[in-house]
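Everything below concerns the one structure shown next.
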């Protein structure tokens, strides 16, 4: 399986293209992940879109689509503050965020920013969420 | 970001080791019952203190990795006196703050009554030095500002 960076460098010669990398572990892409990808492509016309379903690392049933991390690289972010960029992403995914998606980690970069550091960050480990038994007060 | 700040950040944000504070006591304000999700109530909460965060879990034992990141960042800057509201204790608060901020997730950070963002944005501000500057404007001296000045003067 080609690494994201190698894929990116191969495709950059072909001009703008959407490089989507789905969930590494789960294999099949679920409907929520597919919807997120489609909506972000339509709303932001990204040069790069890396989306990872991180639900497997959280206290939710197998096959869940509740926790995601996304890196969106789009020239539409030029001149926008981080808050404005995140709000654009949220707006595109309002149905998902009102529904199944509990957590969405966002990296919203301009093309120049992405070239400086072209990788999806990692999320911190789950600390149990609301299901964790409370410790001593 | 200078090397020492980066190293300090890496040490304390080492995911496997950080598990909330406990060494300090932030001014944890409990959200009152009844109307805790109302915009009037939330308006009051975000204006009452200069630094206000809404978390999943208490700051000494966050129950979400992203909420923990916020706690750790504030700890790195030695910010001790800030308001923390645990949304897991109050579903009305959890829903209310999402509507009030027009932001779909927790954690949420307010500085000087203004919504700043969630974990990703606070982390970005911490890494690029913006957080130190924003705290300075609020009259809060981050200990990382002193470190930065030491670095700059060498």
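Details
- Ranked for footprinting exposure by Cβ neighbours inside 10 Å, fewest first, B:125, B:44 give B:44, B:125.
- Ranking of B:50, A:115 by neighbouring Cβ atoms within 10 Å, starting from the fewest: A:115, B:50.
- Taken residue by residue and averaged, Cβ atoms of other chains lying within 10 Å of the Cβ of A:117-129 number 5.
- Placing a label point 7 Å from the Cα of residue B:102 along the Cα-to-Cβ direction, the residues of the stretch A:65-102 whose backbone N falls under 17 Å of that point are A:80-95, A:97-98.
- If R0 is 30 Å, the Cβ-Cβ spacing of residue B:95 and residue B:124 corresponds to a FRET efficiency of close to 0.65.
- Prolate/oblate/rounded call for the stretch B:43-87, Cα gyration tensor, a/c under 1.5 rounded: oblate
- Taking other C-beta atoms within 10 angstrom as a stand-in for reagent exposure, A:33, A:78 fall in the order A:78, A:33, fewest first.
Read-outs throughout are calculated quantities, based only on the coordinates presented, and are distinct from any laboratory measurement. What you are looking at is a predicted structure, and each value in this text was computed from that prediction instead of being measured. Cβ sites come from the backbone with ideal geometry, for glycine too, and all protein chains shown count toward neighbours.
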